[in-house]
Ligand code: B12
Ligand code: SF4
């Protein structure tokens, strides 16, 4: 079997399936395994028990899928053409939703395409051992992609490439084929610390080290209970995920727009006022988030996040009235965040300076 020719075909099929880049690595992740263990030992995973649960399976692909020799990593860009996202972030009356969730949930779409790629390979080589993943199993996706040369891990801990920036998803196929591997890239963060400096909650505690417990993405998506009070004010109007460390990264000037219509922002999620989003009843929430990753957090955590956003919004009758509609909410989680927000408007009313 000419594995070099097969690797070239895999790249070509990948492009035809809508991936911007495909690259191949072996399965030795020794350095990353050490980093992962240190990260877990420091407790930086917070409540994400699944990050610690699988022993060494996450850093040893051959333990997750016995027989695995190579990992094919794939990149799919999700940056939507400019839709005034920065304006939304800078408008404290609006709810900021991070770019990766404005469109359809990426998991299904990418997994389906990877499964198709797996089938193409099968048609060429006959039955072989493989499995496709998109953030769906204990897989060290960034480390594998970095090893394959899809980019380097930046100081904000995301995978980053000189010509692609970081606005992309990763997915991979574990295979038992001895394909030729691609070389890793060297890092190009240099002395830049823009992502560390901009992070509203100082979650990037040192270059390449993220304390998830402080990251707004974790607080709004992964955390189940109350958001620690000292972190609520710095969250501003970020109600689902956070993009600040990517928005400020100079390499993202070179990022390309997505070619996937499914990743384009949906009108009922993007550029909406916090008040409007907060007043959705549960049926409206379920309807408007159908097919979106936002649905995964459920209605109560959605209200929790929005209550924090409203607590940080300029004081107005509309904001206070909206909060009051949920002051007696049956959920303690929601009630407590609403109380916090109302108290802020009571103790420290804020004027919207933009309208002066
Ligand atoms: C857990 C998780 C999170 C957590 C923790 C993030 C993190 N840094 O790990 C939280 C909830 C905070 C999160 C947030 C986000 N996430 Co997330 N997340 C994951 C997940 C499930 C696992 C990541 C992981 O393995 N973490 C473990 C720790 C140890 O990784 P780490 O801190 O990066 O450390 C590694 C390296 O940096 C290196 N390292 C550590 N120390 C050092 C020191 C030096 C000197 C060096 C050189 C290297 C090094 O070794 C470690 C092991 O590889 C992956 C999917 C997957 N299965 O891989 C998606 C994933 C990383 N997330 C993704 C996205 C899009 C996001 C958000 C942008 C979403 C948003 N807009 O809100 C934010 C970005 C926040 C940020 N700055 O990272 C994408 C990233 C794509 C990309 N371009 O890199 C992924 C790959 C999902 C996907 N399939 O596309 N996420
Ligand atoms: S996603 Fe936001 S909160 Fe998390 S590290 Fe980046 S800038 Fe900080």
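Things worth noting here:
- Residue within segment 30-52 that is closer than 30 Å to residue 128 by Cα, surrounded by 20 or more Cβ atoms within 10 Å (Cβ to Cβ) and not assigned by TED's automatic domain parsing to the domain that holds residue 210 present: no
- Among the residues making up segment 153-180, those that are surrounded by fewer than 18 Cβ atoms within 10 Å (Cβ to Cβ) and over 25 Å from the mean Cα position of the chain (by Cα) are 176, 178, 180.
- Among (1) outside any helix (DSSP H, G or I); (2) on the phi < 0 side of the Ramachandran plot; (3) away from ligand 1 (no atom under 16 Å from the Cβ); (4) surrounded by fewer than 18 Cβ atoms within 10 Å (Cβ to Cβ), the one test that residue 5 misses: (1)
- Of all residues making up segment 325-343, the number that are in contact (Cβ under 8 Å) with a residue 40 or more places away in the chain and either under 9 Å from residue 307 (Cβ atoms) or outside any loop (DSSP other than H, G, I, E, B) (or both): 5
- Condition broken by residue 183, with the remaining ones in (1) without any contact (Cβ under 8 Å) to a residue 40 or more places away in the chain; (2) within 8 Å of ligand 1 (Cβ to nearest atom) satisfied: (2)
- Inter-residue pairs, beta-carbon under 8 Å, first closer than 22 Å to residue 337 by Cα and assigned by TED's automatic domain parsing to the domain that holds residue 241 and in segment 196-224, second more than 10 Å from ligand 2 (Cβ to nearest atom) and assigned to a strand (DSSP E or B), 6+ apart: 220/239; 220/240; 221/240
- Residues that are modelled with pLDDT of 95 or more and in contact with a helix residue (DSSP H, G or I) (Cβ under 7 Å, 6 or more places away or on another chain) number at least 2 in the following helices (runs of 4 or more DSSP H) confined to segment 10-117: 30-41, 61-64.
The values are calculated or read from the model by the stated rules, or taken from the named source; none is laboratory data. These numbers were taken from a predicted model, which means no experiment stands behind them. As a convention, Cβ positions derive from the backbone with ideal geometry for all residues, glycine included, and neighbour counts pool all protein chains shown.
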